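Following: one structure in structure tokens, then a few remarks.
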Amino acid sequence: MLLQLQRTFAARLLGGKAKGTSPDGLRVDALGFGVHANNTRVSLRIAVENVYPVTRRLVGADFFTAVTERFVATQPPNHGWLSAYGADFPDFVAQYRPAADLSYLADVARIEWARVRAANAPDAPGLDLTALTRVDPETLEGLPLHLHVAASLVYSPFPAFDIWRAHRHNGGDDEQLAQIDLAIGPQTTLVSRPAALEVGVSLLGPGDAAFLSTLAGHSPFGAAYQAAALEEADYDLASRLSDLVCMRALATFIA
Amino acid sequence: MGLENSVGIGLRTSHCERFLDQNTPPPLIWLEVLAENYFDRGGIRHKMLSMIAERYPISVHGVALSLGSPEGLDSEHLERLASLVADVGPCLVSEHLAWSRSGEVYYNELLPLPLTDETLDVVSANIDRTQDRLGRTILVENPSGYLEFEQSIMSEATFLTRLTERTGCGLLLDVNNLFISSFNLGIDTAEWLSAVPADVIGEIHLAGHEHGGTVDHPLLIDTHGAAVTDEVWALYAAALNRFGPRPTMIEWDSDVPSLEVLLEEAARAQRIMDQVLVA
């Protein structure tokens, strides 16, 4: 009986029926039920809002509320801890018709999700450069290196990093957005946790972007270097690696 | 130092750094955290909590275990709670008399239960499983009520007391919730306080609420987003007079104010508790 009662009750919490009515077959106070339904919708919506402040600024509060209400109603969470909830929101935004004109929006949202991911990822050591220098050249060529568990690459055909940066603080600057040329070409953003209590967001140069995305695609060190050198003929591997290690972009390796 | 006679507050992200300040740490004896905010083992939040837990006793307060689910508990949820409890070594662990999950969906809301024998069986079994896994007893919090089920056959006080008898759990009395349920559903607060045995009350919560509903059908809404009202302070004093001093916590987690505002609320609760101790 309790199982069926809860199913009936739950079916109307996120459902689209008119407000102020109680679930069919349950003679409970409609207004009281409305409090629970409202709390459910609003609290889940706020959980998504908290993760995507920049996306919200870009579209305005009303538009964002409409997208998140739709998202929450169609893709509610499956677990009682919400740290992973909202991971699918960028994909949802990408296919949300009313936002179709804002082609960069989903990529900005991806940067925001990568920050949450970076903050919540398990602690793990980063790549040890000294250890890497001890690897003989032949082994190094074929060595698989992986991104650090907290690190993500966000590739966008648009200047998503510039847009994110211009709006990351409250009172985001529409003039700055107006100055961003959407046609300047693709940007790859690295989001990582360079220190225990810090999340970093950096725009990668074309060489670094090629290097890290080749490694992320499970190709070995040698192939990643070649890809980077193709993008930047004078790619300085030693100095670039040292910077990437500082950002804790790479995981420790097993030789 | 025991917590019996002391007042804590809920730890909120915006205040974390103040509790790590070596020179002027806020003058509180203990802190309460929302369990599910720390379910990722590792990461920034967990690290901050570990550092704060070295300085302050921590109470772990769950909001999403869904003790009222006839489908049983989410095993991964229980495991993550157990990991957090193992990591933090909390002074208290609490959950709610509510359900928040049905099928594959989690609703992020403390949903109401009909107070029946079946519900008593379901909640007891889920509490047993939780306490077995954690290796300790938990406290179960009374809900803020907005509606009643015609199926209910016992009062909330009777239901909660039976739960403690069946499982050995204690109760967390949320005075604001009791006040809200009294206003919305007509629960007699004096009757509630006299019906529940004093020794099962392990903690008290205080929070603010707002007015909602309609002119014809006003409802109080539990928001945790405002100061404790005078009526709730009065009910708190009545609860302490009945049960004796208990660790008390100021719960303010939406529109979170400055830490100073929370410390003032805590100090007010402490003054009321001190008066009960003197009497």
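Every read-out reported here was derived from the displayed coordinates using simple, explicitly stated rules and does not represent laboratory data. All figures in this text were calculated on a predicted structure; none of them were measured in a lab. Note that each Cβ is placed from the backbone with ideal geometry, even for glycine, and that neighbours are counted across all protein chains shown.
The table for this structure:
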read-out	value
Segment B:56-100-segment B:148-202 distance, computed between alpha-carbon centres (Å)	20 Å
In order through segment A:107-121: 3J(HN,Hα) via Karplus (6.51 cos²θ - 1.76 cosθ + 1.60), integer Hz, x for Gly, Pro	5, 5, 4, 5, 4, 5, 5, 4, 5, 5, 4, 4, 5, 9, 5
q = 0.06, 0.08, 0.12 Å⁻¹, the protein assembly as shown: log10 I(q)/I(0) [Debye, one scatterer per Cα]	-0.35, -0.60, -1.17
Calculated FRET value between A:ALA30 and B:GLU264, using beta carbons and R₀ = 35 Å, to 0.05	0.35
Ranking of A:ILE111, A:ILE46 by count of other Cβ atoms within 10 Å, fewest first	A:ILE46, A:ILE111
Per-residue mean of C-beta atoms belonging to partner chains within 10 Å, peptide B:69-81	2
Amide N of segment A:108-143 lying under 18 Å from the label point, which is placed 7 angstrom from the Cα of A:ASN78 along Cα→Cβ	none
Whole-Å distance, taken between Cα centres, linking segment A:118-159 and segment A:51-105	30 Å
Segment B:7-278 - percent relative contact order, Cα under 8 Å, separation 6 or more	16 percent
Inter-label distance, nm, simple model (7 Å from Cα along the C-beta direction), B:GLN275/A:SER103	6.8 nm
Test item: B:244-254 mean partner chain Cβ contacts at 10 Å	0
Reciprocal mean inverse distance between Cα atoms of chain B - Kirkwood radius, Å	19.1 Å
q = 0.11, 0.17, 0.24 Å⁻¹: log10 I(q)/I(0) that the Debye formula gives for segment A:1-102, counting C-alpha atoms only	-0.39, -0.83, -1.28
Evaluated at q = 0.14, 0.17 Å⁻¹: base-10 log I(q)/I(0), Debye formula over Cα of chain A	-0.98, -1.24
Counting DSSP beta bridges with both ends in the protein assembly as shown, the antiparallel % (nearest 5)	45 percent
Which of A:ARG134, A:ARG57, B:ARG242 has the fewest Cβ neighbours within 10 Å, and the rest in rising order	A:ARG134, B:ARG242, A:ARG57
Cα-projected label distance for A:GLN4 with A:THR65, points at 7 Å along beta-carbon direction, nm	3.9 nm
Gained length - B:ARG166 relative to B:HIS217, 0.36 nm times residue gap less alpha-carbon distance	14.7 nm
Chain B - share of DSSP beta bridges that are antiparallel (%, nearest 5)	25 percent
Cα convex hull volume per residue for segment B:23-133 (Å³)	117 Å³
3J(HN,Hα) from dihedral phi, segment B:95-107, Karplus parametrisation 6.51/-1.76/1.60, rounded to Hz, x for glycine, proline	8, 10, 7, 5, 10, 9, 9, 8, x, 8, 9, 9, 9
Residue order, fewest to most surrounding Cβ atoms within 10 angstrom, among B:CYS91, B:CYS169, A:CYS246	A:CYS246, B:CYS91, B:CYS169
In segment A:156-249, trypsin sites (Lys or Arg not before Pro) in a DSSP loop with at most 16 other beta-carbon atoms within 10 Å	A:ARG168
Per-selection Rg to Rh, segment A:122-255 - Cα, Kirkwood hydrodynamic radius	1.02
